[in-house]
Structures are given as structure tokens and as C-alpha cells.
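So the structure is just underneath, and the comments pick up after that.
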Amino acid sequence: MPIAKDTKKKTHKKRPAAIVTYSDPKTGVSFRYPRKYELASGDKVQPRIDGLGPVPMNFVQPGGSAVAMVAMPPTTYPGTDFTTAFFHVNVNRSLSEQECSQFGIVDTRNPDGEPMDAEKLQIGSTHMEKTSNFAGDAMKQAETQYYHRYENGSCYEFVLGLGTAGYGTDEGVEAINHDDVFAKLEKILASVKIQTPEQEHQSVAKAPATTTEESTK
């Protein structure tokens, strides 16, 4: 007697997308980031470097508000002095285009001790201004990179931050490759898109920010 074959098809669970897209209709900002990163959004979000406190906005005038932040898991680089890394978005609607090209905090790591002018650069097809800042001591360090972009009458600020601690003071702790960390954060920056915020429509202005999974194909 022939053995009946099992005609049931095996079902394969769809793997979650490795990359997701964050989109905020209120500010028009969207960007892509790894699913494993932690997302926080809202105007009260403020990044922090472990042991060194919050990372300030870097506009030349007050009026900025936070949009969203994604942070790498603290276990991303085991065995190293890595503690924190994040990509953070702020926006200030009260600045002119000229003011947007300036920074309240500038890089002072100049051999002459004088503040360094902001760097003008192009990321993709977008022109931005950039400056950086360093803070800390022998125990804990914080390195931040600030990028400004003027679009739709608003100044958008993108902050890339890295916190480290323990190298040179704790045995067995290796120094993290800073370029490697910032390269990952810069991929998020390069994915940023800014559309015209539809704030004039009240229903849209109240729409929440969303995240969208991307196809794994």
C-alpha cells in the first residue's frame, strides 16, 4: 500500500526587516535606521552621554525642539570603552538661513586654541554645515558632531554622539574605533529626507510619527 505524501506546505515565518524608516509629518523629517537601535521621539527627548550629562542643542538662538533620536544598544561593542552612541534630530523654526549656518558651540581643538569655523560639506545632494565638540576627562569622554541644514524655512540639526569610558583605566578594555561608530551614524544621516511639513492642515499636524519596516528582499 503506497504511503500517502504530506501535501501540507511548510510555512516560513517572515523575518523582521533589518532596517526601518522613521517619519514625522509635523516636521517633514524621515530617516532609515537599524531595527536593533532604540528609537525615542517627541520634543522632550534629549540625548545623554553616560556620566557627562545631557548633550545640548547647538543653535545660535533659542527656540529649538527635539524631533527624534535613535541609540545603539550599549552591548554593540563588547570589550571596548564604548558606552553610548546616538543620532538625534532637532529643529528650530525661528532662525534665518544665515543663522542656521552658524553654531553656538564650536570646535575648540585648534592648535592655536581659537574656535574653528564650521565646515561646509555635501552629503548626497544636500549641503550642510558641520562642527564638532569634545568633552570629558581621563575617565569619561564625549565626542559630538553637529550638522545644520536649512530647509522649508526651518533649521534642522543632526547630532551624532559617542560616549566612551574605561580605556587606560580598566584592564581588558580596548579603545573603540571612533571612525567605525561614526560611519554607522553617518549612514543614518545620509538617509535623511525632508519634505514640506503640512502644518497648515490641523488633522495632519496632529498625526503621530511613524516607523515603517522595509522589505528584506
How much length would be gained if the chain were fully extended between Asp179 and Val45, taking 0.36 nm per residue of separation minus their Cα-Cα distance, in nm to one decimal? 45.7 nm
Just to be sure I understand the model, the point goes 7 Å from the Cα along the line to the Cβ. What's the resulting Thr212 to Thr169 distance in nm? 4.5 nm
Quick check for you: which residues of segment 69-89 have the amide N under 19 Å from the point 7 Å beyond the Cα of Met139 toward its beta carbon? 81-84
Would you kindly derive the ³J(HN,Hα) couplings of segment 132-149 from the backbone phi angles with the Karplus curve 6.51 cos²θ - 1.76 cosθ + 1.60 (θ = phi - 60°), listing them in order in whole Hz, with x for Gly and Pro? 9, 8, 10, 9, x, 8, 5, 8, 9, 9, 9, 10, 10, 10, 10, 10, 10, 9
What is the packing order of peptides 34-46, 61-73, taking the mean over residues of other C-beta atoms within 10 Å and listing the highest first? 61-73, 34-46
Per residue of segment 78-84, what does 6.51 cos²θ - 1.76 cosθ + 1.60 with θ = phi - 60° give for ³J(HN,Hα)? Whole Hz please, x for Gly and Pro, Karplus curve as stated. x, x, 10, 8, 5, 10, 8
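Read-outs: derived from the displayed coordinates by stated rules, not from any lab. Please read these numbers as outputs of a predicted model, since none were measured by experiment. Here Cβ is always computed from backbone atoms with ideal geometry, including for glycine, and neighbour counts include all displayed protein chains.
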